[in-house]
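Novice: What follows is a single structure, and I will ask about it in a moment.
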There are 4 protein chains.
Amino acid sequence: MTAETDAPLGVAVIGAGYWGPNLVRNFRASPEWDLVAVCDLDTERARDVVGAQGGAGAGIEVTDDLTALLAREDVVAVAIATPARTHRALAEQALHAGKHVLVEKPLADSVEAGRAMVELARRNDLILMTDHTFCYTPAVQRIRELVEDGSLGEILFVDSVRINLGLVQPDVDVFWDLAPHDLSILDYVLLGGLQPIGVAAQGGDPLSAGKSCLGYLSLPLAGGAMAHVHVNWLSPTKIRQMVIGGSKRTLVWDDLNPQQRLSVFDRGVDLIQQSVDSADRRTASINYRLGDTWAPALPEREALGEMVREYAAAIREHRDPATDGDAGLRVLSVLEAAQTSLRAHGALVEVETSAPMLEIVR
Amino acid sequence: MTAETDAPLGVAVIGAGYWGPNLVRNFRASPEWDLVAVCDLDTERARDVVGAQGGAGAGIEVTDDLTALLAREDVVAVAIATPARTHRALAEQALHAGKHVLVEKPLADSVEAGRAMVELARRNDLILMTDHTFCYTPAVQRIRELVEDGSLGEILFVDSVRINLGLVQPDVDVFWDLAPHDLSILDYVLLGGLQPIGVAAQGGDPLSAGKSCLGYLSLPLAGGAMAHVHVNWLSPTKIRQMVIGGSKRTLVWDDLNPQQRLSVFDRGVDLIQQSVDSADRRTASINYRLGDTWAPALPEREALGEMVREYAAAIREHRDPATDGDAGLRVLSVLEAAQTSLRAHGALVEVETSAPMLEIVR
Amino acid sequence: MTAETDAPLGVAVIGAGYWGPNLVRNFRASPEWDLVAVCDLDTERARDVVGAQGGAGAGIEVTDDLTALLAREDVVAVAIATPARTHRALAEQALHAGKHVLVEKPLADSVEAGRAMVELARRNDLILMTDHTFCYTPAVQRIRELVEDGSLGEILFVDSVRINLGLVQPDVDVFWDLAPHDLSILDYVLLGGLQPIGVAAQGGDPLSAGKSCLGYLSLPLAGGAMAHVHVNWLSPTKIRQMVIGGSKRTLVWDDLNPQQRLSVFDRGVDLIQQSVDSADRRTASINYRLGDTWAPALPEREALGEMVREYAAAIREHRDPATDGDAGLRVLSVLEAAQTSLRAHGALVEVETSAPMLEIVR
Amino acid sequence: MTAETDAPLGVAVIGAGYWGPNLVRNFRASPEWDLVAVCDLDTERARDVVGAQGGAGAGIEVTDDLTALLAREDVVAVAIATPARTHRALAEQALHAGKHVLVEKPLADSVEAGRAMVELARRNDLILMTDHTFCYTPAVQRIRELVEDGSLGEILFVDSVRINLGLVQPDVDVFWDLAPHDLSILDYVLLGGLQPIGVAAQGGDPLSAGKSCLGYLSLPLAGGAMAHVHVNWLSPTKIRQMVIGGSKRTLVWDDLNPQQRLSVFDRGVDLIQQSVDSADRRTASINYRLGDTWAPALPEREALGEMVREYAAAIREHRDPATDGDAGLRVLSVLEAAQTSLRAHGALVEVETSAPMLEIVR
């Protein structure tokens, strides 16, 4: 690591709509980064984003000319915060120009597009990162540690509930709107990423909105384990809860309880012994543990600040970021398979994953 | 109705195992009933049940001779609390003897057996009642009222969660152990009973116990509505929660919060208008209501006392009880269809219901 | 009311420290007000406050010359956000210059100073308002309505708890730091304001910080009622709860439960009849009501915006604001009496209130 | 200690009213005890208590003749569950007869009576135990361990809340009805027992019931620490919460949350250093810790069973029981001092404790 690598990296934000300003603010606040430009077809909007955040904004270019922007040598990396259908074209243009690319979730609007992006980045030896922001919250970071260090044991089940009174989106259903959060978290905390045996989706459209307004995803995992996601726009009570049942301990994440977001229960069920009797029936002795509960303290930290730090670290250390393009692709694959399952009345549908990924898992 | 009908009705309890003593206690405490006998092959056990409850127990016969018992003229009705596989034979014997029959849930161990019982009772003009105890709790009684009087509007979705650290049962899976509670409640509170379009079941067996230890039932209802049940033996946190989303109001029943079991939210989503534009896309205007919450007071009352009262009333008034044989049969039908769905990896399976029932619904 | 009165009122904020920026932001955002100047001895700090909020800040004077500022004719009113010990001198200067005055809480650092301010404002026919911000939250506004319209009946008791892990303040104890919130709320919601028979204070200093770090105020009210305040800097659990027991209904305000901040319980105790028997003992028949609970919906609204609106309305309508100088004086009086009680080991100490106020009460 | 001491101890229960049956049931269930008699002036009531609990009740004498009972040699100990005003006379009679004595709380109806009982037991070398049942719950037992082993550090404050909608008692006020629970727990968990510097009591009687229906006790402890008790019959929400703030950790006991009764917060405030500056003002550097929370698992165990076990152990081991006569006397002393404080409008009143006890403290 030379002194040069410690200089801030030049970055440009593409897209000044809903999410862009958050990226602009965090790149500016980070000592790792030097925000050099904001690009949007609507340059007035881009100028507002730069100006509204106080200070001179001196030195930050506002432009609608992406080609010129990508020609700038001081731009090492870009962050794309535009509609999903435009992600592939913009990312490919940037990757061809030799820039590292961060893409707002979802990675793309189809598995096909996502895979093309992943492969191009790999060929060009550039970083492709998906902005799965939730993975950088202190709670999810801690959950991953607890899975990795074996505190929970083997994962037996994950049950995730994300329901509230939400806007019925004009262009996407409740799965595409809310489930990416749950799926990206699952992908982040499960060892080897989210690799379900299949997906079965059930949706409800009781208001005849023309799309699912509430729904359930069942994701059987290897070894009889099961992940399940409940998303719902129509619930007057807001619930953001994930239960991760492990063979050693079980974790409950209640994101709406700031006083005790994470609880780790040293309780569980063990199948102590198991035999097959003469009648070919399994018999089992079950052991229940009723131990203490433990709520780890969590730091107060903005997830997006952590995310841009990881982006810089991945570039400097020439390694995959924690939420890379493959992670984005795995989430896309589940969403597409869920769509297929919905059309098949909930039949279990295999998740299309590339061979290289399967090799990683096995 | 003559004065005679107000005299206590003679009843015998068949089965002195786990549930029998509860029935004995409630029949004894009820002014509507005169408990005349307890029948069990293990007469010592039966004697304990009669004796342990104080007093002389004078006049209560303890017997293992069912035929003699059913020949007694003062026995108007029986209550069967034996293993499910014996329900059909015992109920048929009692019905042939002209006795009204109450059966502990589940009604039988198969739809075929249950239907035979229902049909025999109907032919003999006798009451066949299923002891769906939960339906007689003050909370469920109130929920039914709120559905019936239109307070909730049309039912859009029902989400029921029943999870805790539970015993892995030797003979049944988690669906047969826990879901009958949720299904019987759904059957009781939904107008016309539980008549799903189909059932899709997903189960997990992460301990290799040879059966599902956690699982999910999706029950699409008419009009795009959806009921869903989550049962789990492996969760260290206990949750007993049902959310019933209606077009007017939404109800949350949290059975573990004695200070506020029921909450009725005057909040919801309305699809005000809906049109199909030139591009053949539906557009919708959504209206959100954020009104008050209301928690009705509930009386303190034992459900089983209410249940035996209903049994007596149905006999006296010569009408179907609130949880009749058909209700038990509908629950059985869903459980059987769920088994089929499990074997088909979660495919949506039609629920076998008898023609007469379908006629009622349509 | 002429058209002129609808023009924005010119206001200057004095003090650009901790609270000043909040006032600046809300005066700017309000159509009722025209912020014409910010005054601070540290003009750089004042300039930052004006500039940091985007836009040109054109037309907003930044000055350290209070005399010149008060000579401006377009300044109709001032808002003082400086340390409490400076409130009296600044307010008197502004009142002599004919300006209406809003003062950050507490009104002053002594009852004597506060009374002088109240009397000067009255003599000069000018508004003196105390910024009791909490009184303008949707929750407190609704509580006041429920007391005023008789929904709660007569107030029997008020129990307020405000505890958390807080900074041990260098200059004030926990009573002066936290209790003004509770006392100002009590003053706002009780009919006729907070007029206790006396104050008894108990404080604890277990860390030998030289001041109370936790404490209790008992405030006996007329008719046997009781208000009580618990403040604590040393509690790891945060509680913000007020229970208002009324003869008809009881209200619980849990400010940390955004899903149900206010609960109104239609439960309570009535003393139905009461007689004195021959042995001169009172006998009473008690009636318990166990009715529904009701949680009124509350709008999302910033309290400070509502407060500056009330300031403008009081000036335009030439009336006392909801939290006037007398309100600030009543809170001060209780705090001073509490100090006296602390020195007297918790003896009940009369609250010094001016004769005119007493006349209002009796 | 000979083998003989392991034989069950003969015990008689005096009083078959409200609490007596609970004692009867637990003495019977305990292998340490042999219940030989139940004594009540109303022998029919006594007979019901013996008979209602099933079995023959053979060998259990039912009597109204206390003198004869106390003459029985197989009666080693008695348990008194009669009205408080009769405790002294009955206990003295039993102690004179050489029997160990357990007394239902409160120990007596006055400090004078209580002290006479304690002294007589001491002179006669007999056990005098107070039935402070709550001290034998798993939660309180665990709290005492955490105080004793230093996990909490020095106790800085204790705040106990015990409020609900309760019966207005005909003969006692809310302090005598509810506070004995809190005071006996405080006495049990604080090292050296409850030895406050004084007591200040504030009561409210908003219904003109002729006695306090809600009230507050402040109990300043040595070193600036403070204990405080809030009891209330008029609250529609039920709260049973005790916060014990320590210099190392803080414990919250929420008795209505069966899923997490005890929470131990590794959070707190330290006064790191403290100096007196030139202006004679203390300055302090405060350190905040924000560590994990830990909820110890608690066994399910009936408190009364544990209490009768301790009674037997104290007799066998010839030692003071955990809740001895002195403990009962300390609780009585606080209650009497609180009455005096109430009459003195809340002034701090010294607690009358015997000289020997004071020596222990100083």
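Novice: Please find, among B:193, B:166, the residue that is more than 19 Å from residue B:330 (Cα to Cα) and among the small types (Gly, Ala, Ser).
Specialist: After ruling out the rest, the residue left standing is B:166.
Novice: Next question. Under 8 Å between Cβ atoms, at least 6 apart or on separate chains: pull out the pairs that start in region A:327-350 with a residue that is modelled with pLDDT of 95 or more and end on any residue that is among the charged types (D, E, K, R) and in a loop (DSSP other than H, G, I, E, B).
Specialist: Listed by first residue and then by second, the contacts come to A:328/A:105; A:331/A:105; A:333/A:352; A:336/A:352; A:337/A:350; A:337/A:352.
Novice: Let me ask you something else. List, please: which pairs have Cβ atoms under 6 Å, are six or more places apart or on different chains, and start with a residue in region D:217-240 that is in the same structural domain as residue D:181 (by TED's automatic domain parsing) and closer than 17 Å to residue C:156 by Cβ and end with one that is basic (Lys, Arg) and open to solvent by less than 20 Å² (accessible area, probe 1.4 Å)?
Specialist: If the second residue must be basic (Lys, Arg) and open to solvent by less than 20 Å² (accessible area, probe 1.4 Å), the pairs left are D:231/D:162.
Novice: Of all residues in region C:240-270, count the ones that are closer than 14 Å to residue B:293 by Cβ, within 8 Å of chain D (Cβ to nearest Cβ) and of a type in the set (Val, Ile, Thr).
Specialist: 1
Novice: Hey, can you tell me all the residues within region A:128-151 that are crowded, with 22+ Cβ neighbours inside 10 Å and outside any helix (DSSP H, G or I)?
Specialist: Across region A:128-151, the qualifying residues are A:128, A:129, A:130, A:131, A:132.
Novice: Taking region A:304-336 as the region of interest, how many residues are within 17 Å of residue A:22 (Cβ to Cβ), of a type in the set (A, V, I, L, M, F, W, C) and within 12 Å of the chain's Cα centre (by Cα)?
Specialist: The total comes to 1.
Novice: OK, next. Give C:247, C:263, C:235 a once-over and let me know the one that is at pLDDT below 95, among the small types (Gly, Ala, Ser) and closer than 22 Å to residue C:149 by Cβ.
Specialist: C:247
Novice: For region B:203-219, check the following and say yes or no: at least one residue is at the interface with chain A (Cβ under 8 Å from one of its Cβ atoms), touching a Ser or Thr at 6+ places or on another chain (Cβ under 6 Å) and open to solvent by 20 Å² or more (accessible area, probe 1.4 Å).
Specialist: yes
Novice: For region B:311-336, name all the residues that are closer than 13 Å to residue B:101 by Cα, open to solvent by 10 Å² or more (accessible area, probe 1.4 Å) and in a helix (DSSP H, G or I).
Specialist: Within region B:311-336, just B:315 meets the criteria.
Novice: Would you pick out the residues in region D:167-186 that are buried (at least 23 other Cβ atoms within 10 Å of the Cβ) and not in a helix (DSSP H, G or I)?
Specialist: D:173
Novice: Considering every residue within region C:139-162, establish whether at least one is among the acidic types (Asp, Glu) and under 16 Å from residue C:351 (Cβ atoms).
Specialist: Looking through region C:139-162, none of the residues is among the acidic types (Asp, Glu) and under 16 Å from residue C:351 (Cβ atoms).
Novice: For region C:103-125, name all the residues that are closer than 25 Å to residue C:191 by Cα and either of a type in the set (Phe, Trp, Tyr) or buried (at least 18 other Cβ atoms within 10 Å of the Cβ) (or both).
Specialist: Matches in region C:103-125: C:103, C:104, C:105, C:106, C:107, C:108, C:111, C:114, C:115, C:117, C:118, C:121.
The values are calculated or read from the model by the stated rules, or taken from the named source; none is laboratory data. The structure displayed is predicted, hence computed values, not measured ones. Cβ coordinates were reconstructed from backbone atoms using ideal geometry, including for glycine residues, and neighbour counts include every protein chain displayed. Protein only, heavy atoms only, side chains kept; ligands, DNA and RNA dropped before computing areas. Shrake-Rupley method; radii C 1.70, N 1.55, O 1.52, S 1.80 Å.
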